[in-house]
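Novice: My structure is below; once you've seen it, I'll send some questions.
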There are 2 protein chains.
Amino acid sequence: MPLSVLQQLQDEMLCLPGAGCSLMEMSHRDQAFIDILHDAENSIRSLLNINDDYAVLFLQGGATLQFSMIPANLIRGTDKVAQYLVTGAWGKKAVGEAKKEGNVEVIYDAKESNYNHVPKAADYQVRDDAGYLYYCSNETIQGVQFQEEPESPAGVPLICDASSDFLSRPLDIRKYGMLYACAQKNAGPAGVTVVIVRRDLIDAGQPDLPGYLNYKNHAEADSEWNTPPTFAIYALGKVARWLVDDIGGLDAMAKLNQEKSQLLYDVVDAHGDFYQGHAVDCCRSKMNVTFNLPSDELLKKFVSEASAHNLASLKGHRSVGGIRASVYNAMPLEGAQTLAKFMTDFAKKNG
Amino acid sequence: MPLSVLQQLQDEMLCLPGAGCSLMEMSHRDQAFIDILHDAENSIRSLLNINDDYAVLFLQGGATLQFSMIPANLIRGTDKVAQYLVTGAWGKKAVGEAKKEGNVEVIYDAKESNYNHVPKAADYQVRDDAGYLYYCSNETIQGVQFQEEPESPAGVPLICDASSDFLSRPLDIRKYGMLYACAQKNAGPAGVTVVIVRRDLIDAGQPDLPGYLNYKNHAEADSEWNTPPTFAIYALGKVARWLVDDIGGLDAMAKLNQEKSQLLYDVVDAHGDFYQGHAVDCCRSKMNVTFNLPSDELLKKFVSEASAHNLASLKGHRSVGGIRASVYNAMPLEGAQTLAKFMTDFAKKNG
Ligand SMILES: Cc1ncc(COP(=O)(O)O)c(C=O)c1O
Ligand SMILES: Cc1ncc(COP(=O)(O)O)c(C=O)c1O
Ligand SMILES: [Mg+2]
Ligand SMILES: [Mg+2]
Ligand SMILES: [Mg+2]
Ligand SMILES: [Mg+2]
């Protein structure tokens, strides 16, 4: 999270301005909290230009619970087929949960190329009567990102797991039936998941669903069907406001993220016999820059020397290894510059 | 939350001692966070004397998701019957969710006396082969509390919603198959629910359950099956440590809570023709003191004058009206004294 946001959280911890007490001591039914929740919602609406055809919900359970909620609401108990594009680990997990709920078809799986790219529209065929088309816009672990939305036939809702690139760039929400993201990458602390869902899809949930899993309950109660994660929503609201006020919106944010990631990809490309980038050029993520080193020894050395330079969290995900440098919204340009310089020096010394 | 805990959260917001960064910037896989999670778990284990026969899980979705998870894990797909004691609004909601998952019998419902008491063992009969016996130890809205556990036949797991009296008094965990509580009343911020569950019950969840709803996933991954609500767990750990170090454990906490609630009940009893206590004597809650006033006008006047004395959140739950004074762990004795004095003065002036 941006330092200025952390500072606000600190300043307001004992006493929220205007409220006379800490947010932690407030009931979620207090008007002061309801105002905070609506502020957070409105900032997101304004950043992404979301009109009232969509609900904006704040839920618990992480992106992972959405893997189940989506098919449980949209295909459970029907003979509809949900179609999935799998471009990395998170899409694959989503398929695993969806299969428990109904008919699922994986219409594209980038497994054979070790998840180093995303498909073009010509690479897959969506049924006209599909329940929905699902994809993950940015595969956090592999570092591959869709540069634009997949194509979905009219009448087939497009559903996107945007957990790791939410609020990192502008998008046209009208292309989506639903877009969701856990907050902990770009938007706030762990513990809240933002679900933006077209209202006609909300009605699909059947009354025999576990109540918490039914979007209708949350939408009708304005995310207060049960106690929402109040502090996480409050912090997320601060981050959204920082994007509006300090960064100047998502065009500006996207430009900065482009710049940060390009600094790193440039080093990878300049030392192409030393660093092996994972994603093919067209699909490189502007959030997670993934590459490998010539040997396990050099990989270890890279991580440990980086850490001595205060560059932490560079180890790739357990499941794939290598290096993953994440340049989420909160990382300032200087952070990427420092890392780029370290990478150049390291390649020169060890290449 | 106790002021000293809020102060620690404030002090550590920008930089967690020893970690070199804010908790908010940390991955849930960082050892520093895993240590925090284990600390929180260990404090709870030590406060309640919980041995390794039980897992202690930190989940999202609130107590409400447990209403579904419990029957989904323990009776879905079987012909077992789950039996419920209903002593207020929360038990009733739990029944509603359980019925979606399997066979449910309400073997006691205090509805006819407007939920003003809890049953004695002679008032209900538990089947020897019941899937489990469920109750809510403290009905937050009605202010009725079990003074001791219901009796359950050997082999029938006792399951307790302790959301509003968790960590308020000692208990013998060995009497329970499972005890759970959302944190926001006594134990921390909204956004985390503590589930203490005997390990043999964890194995009951079937693989076709939505993954997030399966206790096995969370238990095997030590509450890191997916990203846990890191800040809420951290804050909860601080509250648990405050109970151990500053309060001196749950015997001391229970004594203080008894004292606080008694101050208020004494005023109710001293002005018995003015204040109408809701719960019958033997079942009065030590967390939520509920009573009514002679008229709607006096009720409104009470709330508004109290609020001018800085006594907030006294309005009863929308569904029952009247007054509910909550004296959760974090409320100091002085708070209860101030309220008691206000109540006495108000009764004298308006009685
Ligand atoms: C793209 C993506 N989807 C889903 C998840 C899972 O989110 P959670 O751990 O909150 O369930 C993550 C990351 O953690 C992610 O990066
Ligand atoms: C006894 C009890 N059970 C369940 C709940 C529901 O908890 P949540 O809102 O976290 O789902 C509450 C209170 O909010 C409660 O007091
Ligand atoms: Mg979440
Ligand atoms: Mg709304
Ligand atoms: Mg919770
Ligand atoms: Mg453990």
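Novice: Let me know the shape class of region B:41-147, please: from the alpha-carbon gyration tensor, a ≥ b ≥ c as square roots of the eigenvalues, rounded when a/c is under 1.5, otherwise prolate if a/b is greater than b/c, or oblate.
Specialist: Values: a/c = 1.58, a/b = 1.19, b/c = 1.32.
It comes out oblate by the Cα gyration axes.
Novice: Among the listed pairs A:Lys100/A:Lys120; A:Lys111/A:Lys301; A:Lys80/A:Lys216; A:Lys111/A:Lys349; B:Lys301/B:Lys341; A:Lys92/A:Lys260, give every one whose C-alpha distance is greater than 23 Å. Don't skip to the end; give the middle numbers.
Specialist: Details: A:Lys100/A:Lys120 28 Å; A:Lys111/A:Lys301 29 Å; A:Lys80/A:Lys216 20 Å; A:Lys111/A:Lys349 34 Å; B:Lys301/B:Lys341 16 Å; A:Lys92/A:Lys260 28 Å.
Among A:Lys100/A:Lys120; A:Lys111/A:Lys301; A:Lys80/A:Lys216; A:Lys111/A:Lys349; B:Lys301/B:Lys341; A:Lys92/A:Lys260, the Cα-Cα distance tops 23 Å for A:Lys100/A:Lys120; A:Lys111/A:Lys301; A:Lys111/A:Lys349; A:Lys92/A:Lys260.
Novice: Quick check for me: using +1 on Lys/Arg Cβ and -1 on Asp/Glu Cβ, what's the dipole size of region A:182-291 about its Cα centre, in debye to the nearest 20? Before the final figure, lay out the partial values.
Specialist: Working: 10 positive and 14 negative charges, 26 e Å.
Result for region A:182-291 is approximately 120 debye, rounded to the nearest 20.
Novice: Continuing with this model, one more query. Using +1 at the Cβ of each Lys and Arg and -1 at the Cβ of each Asp and Glu in region A:250-350, identify which of A:Val289, A:Leu311, A:Gly335 lies farthest towards the dipole's positive end.
Specialist: Going by the charge dipole, the pick is A:Leu311.
Novice: At 1.4 Å probe size, put A:Glu101, B:Glu305 in order of accessible surface, largest to smallest.
Specialist: Working: A:Glu101 15, B:Glu305 55 Å².
Ranking A:Glu101, B:Glu305 by accessible area, largest first, yields B:Glu305, A:Glu101.
Novice: Taking θ = phi - 60°, what integer Hz values does the Karplus form 6.51 cos²θ - 1.76 cosθ + 1.60 yield along region A:220-230, in sequence order, with x for Gly and Pro?
Specialist: Taking θ as phi minus 60°, the curve returns 5, 9, 6, 6, 10, 5, 10, 5, x, x, 4 Hz for region A:220-230.
Novice: Find, to one decimal place in angstroms, the Kirkwood hydrodynamic radius of region A:1-82, where the mean of 1/r is taken over every pair of different Cα atoms and then inverted.
Specialist: Working: mean 1/r = 0.0627 Å⁻¹.
Computed over region A:1-82, the radius equals 15.9 Å.
Novice: Per the Kirkwood formula on distinct C-alpha pairs, the Rh of region B:250-350 is how many angstrom? Let's see the in-between values first.
Specialist: Details: mean 1/r = 0.0736 Å⁻¹.
When all Cα pairs of region B:250-350 are included, the Kirkwood radius is 13.6 Å.
Novice: Next question, about the same structure. Using a label point 7 angstrom from Cα along Cα-to-C-beta, what distances in nm, from shortest up, separate B:Gly335 from the other copies?
Specialist: Reported distances to equivalent positions: 3.7 nm.
Novice: Estimate the FRET efficiency between B:Asp251 and A:Lys99 by the formula 1/(1 + (r/R0)^6), using the beta-carbon distance for r and 45 Å for R0, to the nearest 0.05. Present the calculation step by step, with values, prior to reporting the outcome.
Specialist: Details: r = 50 Å, r/R0 = 1.12.
Here the calculated transfer efficiency is 0.35.
Novice: Between region B:213-239 and region B:172-206, what is the C-alpha centre distance in whole Å?
Specialist: Each part reduced to its Cα centre gives a spacing of 11 Å.
Novice: Is there a simple number for the mean count of other chain Cβ atoms within 10 Å of the Cβ of residues in A:54-62, and what is it?
Specialist: Working: counts 0, 0, 0, 0, 0, 2, 13, 10, 8.
Per-residue shielding by partner chains comes out at 4.
Novice: Can you give me the distance in nm between label points at A:Arg199 and B:Arg318, each placed 7 Å from the Cα along the Cα-to-Cβ direction?
Specialist: Those two pseudo-labels are separated by 1.9 nm.
Novice: Nothing charged except the Cβ atoms of Lys and Arg (+1) and of Asp and Glu (-1): what's the magnitude of the dipole of region A:3-247 about its Cα centre? Round to the nearest 20 debye. Present the calculation step by step, with values, prior to reporting the outcome.
Specialist: Details: 20 positive and 33 negative charges, 98 e Å.
Dipole of region A:3-247, to the nearest 20 debye: 480 debye.
Novice: Mind listing the long-range amide H neighbours of A:Val106? Cut-off is under 5 Å, sequence gap 5 or more, other chains count too, H placed in the peptide plane at 1.01 Å from N.
Specialist: Under 5 Å from the amide H of A:Val106 lie the amide H atoms of A:Tyr84, each far enough along the sequence or on another chain.
Novice: Just the number, please: buried accessible area between A and B, total of both chains, 1.4 angstrom probe, nearest 100 square angstrom. All intermediate terms of the calculation are to be shown ahead of the outcome.
Specialist: On the way: alone 15590 and 15630 Å², together 27830 Å².
Buried area between the two chains comes out at roughly 3400 Å².
Novice: Which distance in nm do the two modelled labels at B:Val244 and A:Asp53 give, with both placed 7 Å along the Cα-to-Cβ direction?
Specialist: About 5.4 nm, to one decimal.
Novice: If you don't mind, another one. Express the carbon and sulfur contribution to the solvent-accessible surface of region A:3-247 as a percent, rounded to the nearest whole number, probe 1.4 angstrom.
Specialist: 44 percent
Novice: Restricting to Cα pairs below 8 Å that are 6+ residues apart, what does the relative contact order work out to for region B:166-254? Please round to a whole percent.
Specialist: Details: 87 pairs, mean separation 28.2, N = 89.
Worked out over region B:166-254, it gives 32 percent.
Novice: Tell me the label-point distance for the pair A:Asp222, A:Asp172, using the 7 Å Cα-to-Cβ offset, in nm and rounded to one decimal.
Specialist: The answer from the label model is 3.2 nm.
Novice: Under 8 Å for C-alpha pairs, at least 6 residues apart: give me the relative contact order for chain A, rounded to a whole percent.
Specialist: 19 percent
Novice: Along the charge dipole of region B:3-247, pointing to its positive end and built from +1/-1 on Cβ of Lys, Arg, Asp and Glu, which listed residue (B:Ala190, B:Phe58, B:Gln7) has its Cα farthest out?
Specialist: B:Ala190
Novice: Let me have the relative contact order for region B:233-351, percent, based on Cα pairs under 8 Å that are six or more residues apart.
Specialist: Details: 121 pairs, mean separation 32.1, N = 119.
Relative CO of region B:233-351 lands at 27 percent.
Novice: Could you check which residue among A:Ala190, A:Ala122, A:Ala110 shows the biggest mean-square fluctuation in a GNM of chain A with a 10 Å Cα cutoff?
Specialist: With Cα springs under 10 Å in chain A, the top fluctuation among A:Ala190, A:Ala122, A:Ala110 is at A:Ala122.
Novice: List the GluC sites (Glu not before Pro) within region A:120-163 that fall in a DSSP loop (any state other than H, G, I, E or B) and whose Cβ has at most 16 other Cβ atoms within 10 Å.
Specialist: Details: sites: A:Glu139, A:Glu148, A:Glu151; in loops: A:Glu148, A:Glu151.
Listed in order of number, the matching sites are A:Glu148, A:Glu151.
Novice: For the pair B:His38 and B:His309, what calculated FRET efficiency results from E = 1/(1 + (r/R0)^6), where r is the Cβ-Cβ distance and R0 = 41 Å, to the nearest 0.05?
Specialist: After rounding, the FRET efficiency stands at 0.45.
Novice: How far, in nm, would the chain grow between B:Asp281 and B:Cys21 when pulled straight, counting 0.36 nm per residue and subtracting the alpha carbon separation? The partial results should precede the final answer.
Specialist: On the way: separation 260, 0.36 × 260 = 93.60 nm, distance 5.12 nm.
Length gained, B:Asp281 through B:Cys21: 88.5 nm.
Novice: Further, regarding this structure: Taking each label point as 7 Å beyond Cα in the direction of the beta carbon, state the distances from B:Ser319 to the same residue in the other copies, shortest first, in nm.
Specialist: 4.0
Novice: Most fluctuating residue of A:Ile107, A:Ile159, A:Ile233 in a GNM of chain A with Cα springs under 10 Å: which is it?
Specialist: Top of the fluctuation ranking is A:Ile107.
Novice: Here's something else I'd like to know. What part of the accessible area of region A:304-351, given as a whole %, is carbon or sulfur when the probe is 1.4 angstrom? Walk me through the numbers before you get to the answer.
Specialist: Numbers: 1370 of 2600 Å².
Whole-percent figure for carbon plus sulfur exposure: 53.
Novice: How much of the DSSP beta bridge set in chain A is antiparallel, as a percent to the nearest 5?
Specialist: Roughly 55 percent of the DSSP beta bridges within chain A come out antiparallel.
Novice: Leaving out ligands and nucleic acids, and using a 1.4 Å probe, what accessible area per residue does the protein assembly as shown come to in Å²?
Specialist: 40 Å²
Novice: Now, a different point. Pick out which of A:Ala121, A:Ala270, A:Ala308 has the largest mean-square fluctuation in a Gaussian network model of chain A, springs linking Cα atoms closer than 10 Å.
Specialist: A:Ala308
Novice: For region B:1-110, which trypsin sites (Lys or Arg not before Pro) pass both filters: DSSP loop (anything but H, G, I, E, B) and at most 13 other C-beta atoms within 10 Å? All intermediate terms of the calculation are to be shown ahead of the outcome.
Specialist: Numbers: sites: B:Arg29, B:Arg45, B:Arg76, B:Lys80, B:Lys92, B:Lys93, B:Lys99, B:Lys100; in loops: B:Arg29, B:Arg76, B:Lys80, B:Lys100.
Sparse-neighbourhood loop trypsin sites (Lys or Arg not before Pro): B:Arg29.
Novice: In debye to the nearest 20, how big a dipole does the protein assembly as shown give about its Cα centre with +1 on each Lys and Arg Cβ and -1 on each Asp and Glu Cβ? Before the final figure, lay out each step's value.
Specialist: Values: 64 positive and 88 negative charges, 24 e Å.
Dipole size: approximately 120 debye.
Novice: Report the FRET efficiency, 1/(1 + (r/R0)^6), for A:Gln147 and B:Asp129, where r is their Cβ-Cβ distance and R0 is 51 Å, rounded to 0.05. Could the numbers behind the result be given before it?
Specialist: On the way: r = 59 Å, r/R0 = 1.16.
The computed FRET efficiency comes out at 0.30.
Novice: Rg/Rh for region B:3-247 to two decimals, with Rh computed the Kirkwood way over all alpha-carbon pairs.
Specialist: On the way: Rg = 18.2 Å, Rh = 18.6 Å.
Rg divided by Rh gives 0.98.
Novice: Which distance in Å, rounded to a whole number, links the C-alpha centroids of region A:110-160 and region A:282-351?
Specialist: First find each Cα centre; the distance between them is then 27 Å.
The values are calculated or read from the model by the stated rules, or taken from the named source; none is laboratory data. The shown structure was predicted, so the numbers you read here are calculated from the model rather than taken from an experiment. Cβ coordinates were reconstructed from backbone atoms using ideal geometry, including for glycine residues, and neighbour counts include every protein chain displayed. We work out accessible area using only protein heavy atoms, side chains counted, and drop any ligands, DNA or RNA first. Shrake-Rupley method; radii C 1.70, N 1.55, O 1.52, S 1.80 Å.
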